[in-house]
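**Q** One structure coming up, written as C-alpha coordinates, with questions to follow.
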Amino acid sequence: MFWESSCNSPNLLNGDNMSVIEIKNLTKRFKVEGNTVVALDGIDLSIEKGDIYGIIGMSGAGKSTLVRTINYLEKPTEGSVHIDGVDLSGLKERQLRKMRSQIGMIFQGFNLLEQRNVIGNICFPLEISGWSRKKAKERARELLSLVNLEDKEKAYPSQLSGGQKQRVAIARALATNPRILLCDEATSALDPQTTTSIINLLREINEKLGITIVIITHQMSVITDVCQKVAIIDSGKLVESGIVEDIFAKPKSDAAKELISGKDIRYIPVKTLEADKTIRIVFKENSAYEPVLANAILKLGQPINILKADTKNVGGKAVGEMILGLPEDEEVASRLIAYLKEAGLVVTDGVKGGEIA
Ligand SMILES: Nc1ncnc2c1ncn2[C@@H]1O[C@H](COP(=O)(O)OP(=O)(O)OP(=O)(O)O)[C@@H](O)[C@H]1O
Ligand SMILES: [Mg+2]
(Lines give C-alpha, C1' and ligand atoms only; values in the text may rest on other atoms or scores of the structure.)
(Ligands and ions follow the chains in the order given, each with its own letter.)
Protein backbone atom coordinates (compact mmCIF):
# COMPACT_ATOMS: atom_id res chain seq x y z
CA MET A 1 0.00 0.00 0.00
CA PHE A 2 0.97 3.57 -0.61
CA TRP A 3 1.09 4.61 3.04
CA GLU A 4 3.28 1.67 3.99
CA SER A 5 5.84 2.45 1.33
CA SER A 6 5.77 6.11 2.31
CA CYS A 7 6.55 5.22 5.91
CA ASN A 8 9.54 3.16 4.87
CA SER A 9 11.01 5.83 2.67
CA PRO A 10 14.31 7.40 3.70
CA ASN A 11 13.97 11.00 4.80
CA LEU A 12 16.46 13.73 4.30
CA LEU A 13 14.60 15.73 6.88
CA ASN A 14 14.52 15.05 10.56
CA GLY A 15 12.92 16.22 13.79
CA ASP A 16 9.26 15.65 14.62
CA ASN A 17 8.23 18.27 17.12
CA MET A 18 9.46 21.55 15.73
CA SER A 19 7.77 23.58 13.03
CA VAL A 20 8.00 21.84 9.69
CA ILE A 21 8.16 25.18 7.93
CA GLU A 22 9.63 28.22 9.68
CA ILE A 23 9.64 31.45 7.73
CA LYS A 24 11.36 34.49 9.20
CA ASN A 25 11.30 38.05 7.87
CA LEU A 26 10.86 36.74 4.34
CA THR A 27 11.16 39.49 1.77
CA LYS A 28 11.18 39.15 -1.99
CA ARG A 29 11.75 42.07 -4.32
CA PHE A 30 11.63 41.81 -8.10
CA LYS A 31 13.36 44.34 -10.33
CA VAL A 32 11.25 45.10 -13.37
CA GLU A 33 12.60 47.64 -15.90
CA GLY A 34 14.33 49.70 -13.23
CA ASN A 35 11.36 49.54 -10.85
CA THR A 36 11.24 47.40 -7.73
CA VAL A 37 8.19 45.27 -6.98
CA VAL A 38 7.96 44.20 -3.34
CA ALA A 39 6.14 40.86 -3.65
CA LEU A 40 6.79 39.75 -0.04
CA ASP A 41 7.48 42.13 2.80
CA GLY A 42 8.87 40.71 6.05
CA ILE A 43 6.71 37.59 6.39
CA ASP A 44 6.98 35.54 9.61
CA LEU A 45 5.12 32.23 9.61
CA SER A 46 5.36 28.88 11.40
CA ILE A 47 3.66 25.79 10.04
CA GLU A 48 3.57 22.72 12.26
CA LYS A 49 3.74 19.05 11.36
CA GLY A 50 0.38 17.70 10.19
CA ASP A 51 -1.21 21.15 9.72
CA ILE A 52 -3.49 21.94 6.85
CA TYR A 53 -2.49 25.58 6.61
CA GLY A 54 -4.32 28.00 4.35
CA ILE A 55 -2.76 31.11 2.86
CA ILE A 56 -5.29 33.49 1.44
CA GLY A 57 -5.11 36.87 -0.22
CA MET A 58 -6.36 38.84 -3.19
CA SER A 59 -4.82 38.47 -6.63
CA GLY A 60 -1.29 39.89 -6.66
CA ALA A 61 -0.99 39.71 -2.85
CA GLY A 62 2.14 37.55 -3.13
CA LYS A 63 0.75 34.05 -2.49
CA SER A 64 2.45 32.26 -5.39
CA THR A 65 5.71 34.04 -4.64
CA LEU A 66 5.47 32.91 -1.02
CA VAL A 67 4.84 29.30 -1.93
CA ARG A 68 7.71 29.32 -4.43
CA THR A 69 10.10 30.69 -1.82
CA ILE A 70 9.07 27.93 0.61
CA ASN A 71 10.82 25.40 -1.63
CA TYR A 72 13.42 27.87 -2.91
CA LEU A 73 12.22 27.79 -6.50
CA GLU A 74 12.47 31.51 -5.79
CA LYS A 75 15.34 32.71 -3.59
CA PRO A 76 14.32 35.30 -1.00
CA THR A 77 15.88 38.75 -1.12
CA GLU A 78 15.99 38.80 2.69
CA GLY A 79 14.95 36.50 5.50
CA SER A 80 15.05 32.75 5.87
CA VAL A 81 13.15 29.53 5.27
CA HIS A 82 13.82 26.53 7.52
CA ILE A 83 12.33 23.16 6.61
CA ASP A 84 12.43 20.84 9.61
CA GLY A 85 15.19 22.96 11.08
CA VAL A 86 17.29 22.99 7.91
CA ASP A 87 18.13 26.48 6.64
CA LEU A 88 17.59 26.34 2.89
CA SER A 89 20.01 29.18 2.24
CA GLY A 90 22.84 26.90 3.38
CA LEU A 91 22.08 24.13 0.85
CA LYS A 92 23.95 23.54 -2.39
CA GLU A 93 21.89 23.06 -5.57
CA ARG A 94 22.16 19.26 -5.37
CA GLN A 95 21.02 19.23 -1.71
CA LEU A 96 18.21 21.61 -2.59
CA ARG A 97 16.98 19.24 -5.29
CA LYS A 98 17.01 16.39 -2.79
CA MET A 99 15.17 18.48 -0.26
CA ARG A 100 12.57 19.45 -2.89
CA SER A 101 11.74 15.78 -3.36
CA GLN A 102 10.37 16.02 0.21
CA ILE A 103 8.14 18.93 -0.79
CA GLY A 104 5.48 18.10 -3.35
CA MET A 105 4.00 21.00 -5.26
CA ILE A 106 0.79 21.48 -7.18
CA PHE A 107 1.09 24.52 -9.39
CA GLN A 108 -1.45 27.16 -10.25
CA GLY A 109 -2.85 25.55 -13.45
CA PHE A 110 -2.31 21.83 -13.74
CA ASN A 111 1.10 21.94 -15.40
CA LEU A 112 0.96 18.38 -16.77
CA LEU A 113 3.17 17.21 -19.59
CA GLU A 114 0.77 17.07 -22.55
CA GLN A 115 2.91 14.64 -24.55
CA ARG A 116 2.98 12.08 -21.72
CA ASN A 117 0.04 9.98 -20.63
CA VAL A 118 -1.21 9.85 -17.03
CA ILE A 119 1.20 7.19 -15.80
CA GLY A 120 4.06 8.86 -17.68
CA ASN A 121 3.32 12.13 -15.88
CA ILE A 122 3.36 10.48 -12.47
CA CYS A 123 6.56 8.54 -13.28
CA PHE A 124 8.34 11.69 -14.41
CA PRO A 125 9.62 12.95 -11.01
CA LEU A 126 10.56 9.37 -10.09
CA GLU A 127 12.64 8.95 -13.26
CA ILE A 128 14.41 12.21 -12.46
CA SER A 129 15.14 10.87 -8.97
CA GLY A 130 16.73 7.80 -10.53
CA TRP A 131 14.00 5.19 -9.95
CA SER A 132 13.97 2.20 -12.32
CA ARG A 133 11.11 2.22 -14.86
CA LYS A 134 9.55 -0.86 -13.29
CA LYS A 135 9.63 0.50 -9.74
CA ALA A 136 8.39 3.90 -10.91
CA LYS A 137 5.40 2.28 -12.62
CA GLU A 138 4.55 0.25 -9.54
CA ARG A 139 4.67 3.38 -7.43
CA ALA A 140 2.61 5.36 -9.97
CA ARG A 141 -0.09 2.67 -9.86
CA GLU A 142 -0.28 2.91 -6.06
CA LEU A 143 -0.79 6.63 -6.45
CA LEU A 144 -3.40 6.22 -9.17
CA SER A 145 -5.36 4.07 -6.76
CA LEU A 146 -5.00 6.72 -4.03
CA VAL A 147 -6.47 9.40 -6.30
CA ASN A 148 -9.10 7.06 -7.78
CA LEU A 149 -7.86 7.17 -11.35
CA GLU A 150 -6.84 3.56 -11.97
CA ASP A 151 -8.84 3.47 -15.19
CA LYS A 152 -7.11 6.52 -16.69
CA GLU A 153 -3.54 5.23 -16.68
CA LYS A 154 -3.13 5.49 -20.44
CA ALA A 155 -5.14 8.66 -21.04
CA TYR A 156 -3.42 11.88 -22.12
CA PRO A 157 -4.04 15.16 -20.28
CA SER A 158 -6.16 16.50 -23.16
CA GLN A 159 -8.56 13.57 -22.60
CA LEU A 160 -9.12 14.39 -18.92
CA SER A 161 -11.52 16.71 -17.10
CA GLY A 162 -10.16 19.49 -14.90
CA GLY A 163 -10.78 17.47 -11.74
CA GLN A 164 -9.04 14.42 -13.21
CA LYS A 165 -6.05 16.54 -14.27
CA GLN A 166 -5.81 17.87 -10.75
CA ARG A 167 -5.86 14.31 -9.37
CA VAL A 168 -2.96 13.43 -11.68
CA ALA A 169 -1.11 16.56 -10.50
CA ILE A 170 -1.68 15.49 -6.87
CA ALA A 171 -0.49 11.94 -7.59
CA ARG A 172 2.62 13.32 -9.30
CA ALA A 173 3.30 15.68 -6.39
CA LEU A 174 3.09 12.74 -3.96
CA ALA A 175 5.26 10.39 -6.03
CA THR A 176 8.50 11.00 -4.15
CA ASN A 177 6.91 10.54 -0.69
CA PRO A 178 6.99 14.18 0.30
CA ARG A 179 6.40 15.25 3.89
CA ILE A 180 4.98 18.55 2.75
CA LEU A 181 2.50 19.28 -0.02
CA LEU A 182 2.25 22.83 -1.35
CA CYS A 183 -0.91 23.54 -3.34
CA ASP A 184 -1.09 26.78 -5.29
CA GLU A 185 -4.74 27.41 -6.21
CA ALA A 186 -5.41 23.68 -6.55
CA THR A 187 -9.14 24.22 -6.98
CA SER A 188 -9.59 27.66 -8.51
CA ALA A 189 -10.15 26.27 -12.01
CA LEU A 190 -12.72 23.70 -10.85
CA ASP A 191 -16.49 23.76 -10.37
CA PRO A 192 -17.83 23.58 -6.79
CA GLN A 193 -18.55 19.84 -6.86
CA THR A 194 -15.12 18.93 -8.22
CA THR A 195 -13.57 21.37 -5.74
CA THR A 196 -15.24 19.44 -2.92
CA SER A 197 -13.89 16.11 -4.18
CA ILE A 198 -10.34 17.50 -4.47
CA ILE A 199 -10.63 19.07 -0.99
CA ASN A 200 -11.76 15.69 0.39
CA LEU A 201 -8.80 14.02 -1.30
CA LEU A 202 -6.38 16.52 0.26
CA ARG A 203 -7.95 15.93 3.68
CA GLU A 204 -7.57 12.16 3.22
CA ILE A 205 -3.92 12.58 2.22
CA ASN A 206 -3.32 14.68 5.34
CA GLU A 207 -5.03 12.17 7.64
CA LYS A 208 -3.74 8.93 6.14
CA LEU A 209 -0.22 9.99 5.25
CA GLY A 210 0.34 12.65 7.90
CA ILE A 211 1.55 15.05 5.23
CA THR A 212 1.63 18.75 6.14
CA ILE A 213 -0.39 20.62 3.53
CA VAL A 214 -0.15 24.29 2.61
CA ILE A 215 -3.11 25.49 0.58
CA ILE A 216 -2.85 28.74 -1.31
CA THR A 217 -6.21 30.08 -2.37
CA HIS A 218 -8.32 33.15 -2.87
CA GLN A 219 -11.49 31.15 -2.09
CA MET A 220 -12.59 31.60 1.51
CA SER A 221 -14.78 28.49 1.27
CA VAL A 222 -11.68 26.32 0.69
CA ILE A 223 -10.13 27.69 3.88
CA THR A 224 -13.21 27.03 5.99
CA ASP A 225 -13.81 23.60 4.44
CA VAL A 226 -10.41 22.08 5.06
CA CYS A 227 -7.86 24.30 6.82
CA GLN A 228 -7.21 24.41 10.56
CA LYS A 229 -5.09 27.54 10.40
CA VAL A 230 -4.92 30.45 8.03
CA ALA A 231 -2.60 33.32 7.18
CA ILE A 232 -3.90 36.36 5.36
CA ILE A 233 -1.54 38.09 2.94
CA ASP A 234 -2.19 41.62 1.75
CA SER A 235 0.20 43.48 -0.57
CA GLY A 236 3.08 41.20 0.38
CA LYS A 237 2.51 41.53 4.13
CA LEU A 238 1.14 38.93 6.49
CA VAL A 239 -1.66 40.89 8.16
CA GLU A 240 -3.27 38.18 10.29
CA SER A 241 -2.81 34.51 11.09
CA GLY A 242 -4.20 31.89 13.46
CA ILE A 243 -6.96 29.33 13.94
CA VAL A 244 -9.58 29.59 11.19
CA GLU A 245 -12.56 29.80 13.58
CA ASP A 246 -10.95 32.59 15.62
CA ILE A 247 -10.21 34.69 12.55
CA PHE A 248 -13.73 34.12 11.30
CA ALA A 249 -15.28 35.09 14.59
CA LYS A 250 -13.20 38.26 14.97
CA PRO A 251 -11.31 39.33 11.87
CA LYS A 252 -9.03 42.23 12.78
CA SER A 253 -7.41 43.34 9.54
CA ASP A 254 -9.29 45.06 6.72
CA ALA A 255 -8.08 42.34 4.34
CA ALA A 256 -9.55 39.58 6.54
CA LYS A 257 -12.85 41.44 6.87
CA GLU A 258 -13.03 41.95 3.13
CA LEU A 259 -12.18 38.33 2.34
CA ILE A 260 -14.72 37.03 4.82
CA SER A 261 -17.60 39.26 3.88
CA GLY A 262 -16.70 40.17 0.31
CA LYS A 263 -16.58 37.54 -2.34
CA ASP A 264 -17.87 34.22 -1.23
CA ILE A 265 -21.62 34.18 -0.84
CA ARG A 266 -21.54 31.18 1.48
CA TYR A 267 -19.66 33.16 4.10
CA ILE A 268 -21.42 36.46 4.04
CA PRO A 269 -22.57 36.90 7.62
CA VAL A 270 -26.32 37.34 7.89
CA LYS A 271 -26.93 41.06 8.12
CA THR A 272 -29.20 42.38 10.80
CA LEU A 273 -32.10 43.37 8.68
CA GLU A 274 -34.05 46.32 9.86
CA ALA A 275 -37.08 48.20 8.72
CA ASP A 276 -39.27 50.84 10.32
CA LYS A 277 -42.52 49.18 9.34
CA THR A 278 -43.09 45.53 8.67
CA ILE A 279 -45.87 43.33 7.36
CA ARG A 280 -46.59 39.68 7.83
CA ILE A 281 -47.83 37.71 4.87
CA VAL A 282 -49.28 34.24 5.08
CA PHE A 283 -49.12 31.77 2.23
CA LYS A 284 -51.71 29.07 1.94
CA GLU A 285 -51.77 25.99 -0.27
CA ASN A 286 -52.91 27.95 -3.26
CA SER A 287 -50.17 30.61 -3.26
CA ALA A 288 -46.71 30.00 -4.64
CA TYR A 289 -44.40 32.56 -3.09
CA GLU A 290 -41.76 32.83 -5.78
CA PRO A 291 -43.94 34.27 -8.54
CA VAL A 292 -45.72 36.49 -6.03
CA LEU A 293 -42.53 38.09 -4.74
CA ALA A 294 -40.80 38.16 -8.11
CA ASN A 295 -43.79 39.87 -9.68
CA ALA A 296 -44.06 42.33 -6.81
CA ILE A 297 -40.39 43.29 -7.30
CA LEU A 298 -40.98 43.75 -11.04
CA LYS A 299 -44.15 45.77 -10.48
CA LEU A 300 -42.62 48.09 -7.89
CA GLY A 301 -39.19 48.27 -9.51
CA GLN A 302 -37.70 47.89 -6.00
CA PRO A 303 -36.14 45.06 -4.02
CA ILE A 304 -38.22 43.57 -1.23
CA ASN A 305 -36.63 43.17 2.15
CA ILE A 306 -37.44 39.72 3.56
CA LEU A 307 -36.79 39.90 7.30
CA LYS A 308 -37.95 36.43 8.19
CA ALA A 309 -39.29 33.49 6.25
CA ASP A 310 -40.79 30.35 7.64
CA THR A 311 -42.14 28.46 4.69
CA LYS A 312 -42.38 24.85 3.75
CA ASN A 313 -42.63 23.44 0.31
CA VAL A 314 -45.72 21.29 0.08
CA GLY A 315 -46.09 19.68 -3.34
CA GLY A 316 -44.35 22.61 -5.02
CA LYS A 317 -46.39 25.24 -3.16
CA ALA A 318 -45.07 27.42 -0.40
CA VAL A 319 -46.98 27.25 2.84
CA GLY A 320 -46.08 29.44 5.79
CA GLU A 321 -45.34 33.05 6.60
CA MET A 322 -42.90 35.83 5.87
CA ILE A 323 -42.14 39.12 7.50
CA LEU A 324 -41.32 41.80 4.96
CA GLY A 325 -39.91 45.27 5.50
CA LEU A 326 -42.21 47.91 4.03
CA PRO A 327 -40.59 50.33 1.59
CA GLU A 328 -40.12 53.78 3.10
CA ASP A 329 -42.04 55.51 0.33
CA GLU A 330 -45.66 55.32 1.46
CA GLU A 331 -47.04 55.21 -2.05
CA VAL A 332 -44.81 52.24 -2.95
CA ALA A 333 -45.68 50.58 0.38
CA SER A 334 -49.41 50.78 -0.27
CA ARG A 335 -48.96 49.50 -3.83
CA LEU A 336 -47.06 46.49 -2.39
CA ILE A 337 -49.81 45.75 0.13
CA ALA A 338 -52.48 46.05 -2.54
CA TYR A 339 -50.59 43.74 -4.86
CA LEU A 340 -50.05 41.08 -2.19
CA LYS A 341 -53.73 41.11 -1.27
CA GLU A 342 -54.68 40.84 -4.92
CA ALA A 343 -52.44 37.78 -5.12
CA GLY A 344 -54.64 36.17 -2.42
CA LEU A 345 -52.29 36.51 0.56
CA VAL A 346 -53.30 37.45 4.07
CA VAL A 347 -51.43 40.66 4.92
CA THR A 348 -51.15 41.76 8.55
CA ASP A 349 -49.07 44.25 10.53
CA GLY A 350 -45.68 42.64 11.18
CA VAL A 351 -45.53 43.69 14.82
CA LYS A 352 -49.06 44.11 16.12
CA GLY A 353 -50.80 41.57 13.93
CA GLY A 354 -54.20 42.65 12.74
CA GLU A 355 -55.16 42.97 9.13
CA ILE A 356 -53.98 46.01 7.23
CA ALA A 357 -56.72 47.92 5.51
N1 LIG B 1 8.97 36.91 -11.64
C2 LIG B 1 8.41 38.08 -11.32
N3 LIG B 1 8.93 39.23 -11.76
C4 LIG B 1 8.41 40.42 -11.43
N5 LIG B 1 7.33 40.57 -10.64
C6 LIG B 1 6.76 39.46 -10.17
C7 LIG B 1 7.26 38.17 -10.47
N8 LIG B 1 6.49 37.24 -9.84
C9 LIG B 1 5.54 37.93 -9.18
N10 LIG B 1 5.70 39.26 -9.36
C11 LIG B 1 4.88 40.35 -8.78
O12 LIG B 1 4.76 40.08 -7.40
C13 LIG B 1 3.45 40.35 -6.94
C14 LIG B 1 2.86 39.10 -6.31
O15 LIG B 1 2.63 38.13 -7.32
P16 LIG B 1 2.09 36.67 -7.01
O17 LIG B 1 2.09 35.90 -8.28
O18 LIG B 1 2.87 36.12 -5.89
O19 LIG B 1 0.60 36.99 -6.53
P20 LIG B 1 -0.59 36.00 -6.15
O21 LIG B 1 -1.06 36.40 -4.80
O22 LIG B 1 -0.17 34.61 -6.35
O23 LIG B 1 -1.72 36.40 -7.21
P24 LIG B 1 -2.82 35.47 -7.94
O25 LIG B 1 -3.92 35.26 -6.93
O26 LIG B 1 -3.28 36.35 -9.08
O27 LIG B 1 -2.17 34.21 -8.38
C28 LIG B 1 2.68 40.85 -8.15
O29 LIG B 1 2.70 42.26 -8.13
C30 LIG B 1 3.47 40.31 -9.32
O31 LIG B 1 3.33 41.15 -10.44
MG1 LIG C 1 -0.79 33.08 -7.64
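The values are calculated or read from the model by the stated rules, or taken from the named source; none is laboratory data. These numbers were taken from a predicted model, which means no experiment stands behind them. Cβ atoms come from the backbone with ideal geometry, glycine included; neighbour counts cover every protein chain shown.
**Q** Please indicate, with yes or no, whether at least one residue in the stretch 269-287 is modelled with pLDDT under 80, assigned to a helix (DSSP H, G or I) and either hydroxyl-bearing (Ser, Thr, Tyr) or assigned by TED's automatic domain parsing to the domain that holds SER46 (or both).
**A** No; the residues of the stretch 269-287 include none that is modelled with pLDDT under 80, assigned to a helix (DSSP H, G or I) and either hydroxyl-bearing (Ser, Thr, Tyr) or assigned by TED's automatic domain parsing to the domain that holds SER46 (or both).
**Q** Show me the strands (runs of 3 or more DSSP E) found entirely inside the stretch 18-93 where at least 1 residues are within 15 Å of ligand 1 (Cβ to nearest atom) and farther than 26 Å from ILE223 by Cα.
**A** In the stretch 18-93, 19-32, 35-48 are the strands (runs of 3 or more DSSP E) which contain 1 or more residues that are within 15 Å of ligand 1 (Cβ to nearest atom) and farther than 26 Å from ILE223 by Cα.
**Q** Now a separate question. Residue check: is GLY130 surrounded by fewer than 14 Cβ atoms within 10 Å (Cβ to Cβ), within 16 Å of ligand 2 (Cβ to nearest atom) and outside any helix (DSSP H, G or I)?
**A** In short, no.
Every residue, every condition in (1) in contact with a strand residue (DSSP E or B) (Cβ under 8 Å, 6 or more places away or on another chain); (2) within 21 Å of ILE205 (Cβ to Cβ); (3) assigned to a helix (DSSP H, G or I), yes or no:
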{"position": "LEU113", "(1), (2), (3)": "no, no, no"}
{"position": "ILE119", "(1), (2), (3)": "no, yes, yes"}
{"position": "PRO125", "(1), (2), (3)": "no, yes, yes"}
{"position": "LYS135", "(1), (2), (3)": "no, no, yes"}
{"position": "GLU138", "(1), (2), (3)": "no, yes, yes"}
{"position": "LEU143", "(1), (2), (3)": "no, yes, yes"}
{"position": "ALA155", "(1), (2), (3)": "no, no, no"}
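**Q** Cβ-Cβ below 9 Å, separation at least six or inter-chain, first residue in the stretch 184-195 and assigned by TED's automatic domain parsing to the domain that holds ARG167 and modelled with pLDDT of 90 or more, second away from ligand 2 (no atom under 16 Å from the Cβ) and not in a strand (DSSP E or B): which pairs?
**A** none
**Q** Here's another thing I want to ask about it. I'd like to check something: does the stretch 62-69 contain any residue that is in contact (Cβ under 8 Å) with a residue 24 or more places away in the chain, within 16 Å of ligand 2 (Cβ to nearest atom) and either outside the structural domain of ILE223 (by TED's automatic domain parsing) or under 23 Å from GLU204 (Cα atoms) (or both)?
**A** Looking for residues that are in contact (Cβ under 8 Å) with a residue 24 or more places away in the chain, within 16 Å of ligand 2 (Cβ to nearest atom) and either outside the structural domain of ILE223 (by TED's automatic domain parsing) or under 23 Å from GLU204 (Cα atoms) (or both), one finds at least one in the stretch 62-69, hence yes.
**Q** Something else: Can you pull out every residue in the stretch 167-183 that is within 16 Å of ligand 2 (Cβ to nearest atom) and under 17 Å from ILE83 (Cβ atoms)?
**A** Matches in the stretch 167-183: LEU182, CYS183.
**Q** OK, next. What pairs come up if the first residue lies in the stretch 27-38 and is of a type in the set (A, V, I, L, M, F, W, C) and surrounded by 10 or more Cβ atoms within 10 Å (Cβ to Cβ), the second is part of a strand (DSSP E or B) and modelled with pLDDT under 90, and their beta carbons are under 8 Å apart, counting only those six or more places apart or on different chains?
**A** Partner pairs satisfying both residue conditions: none exist.
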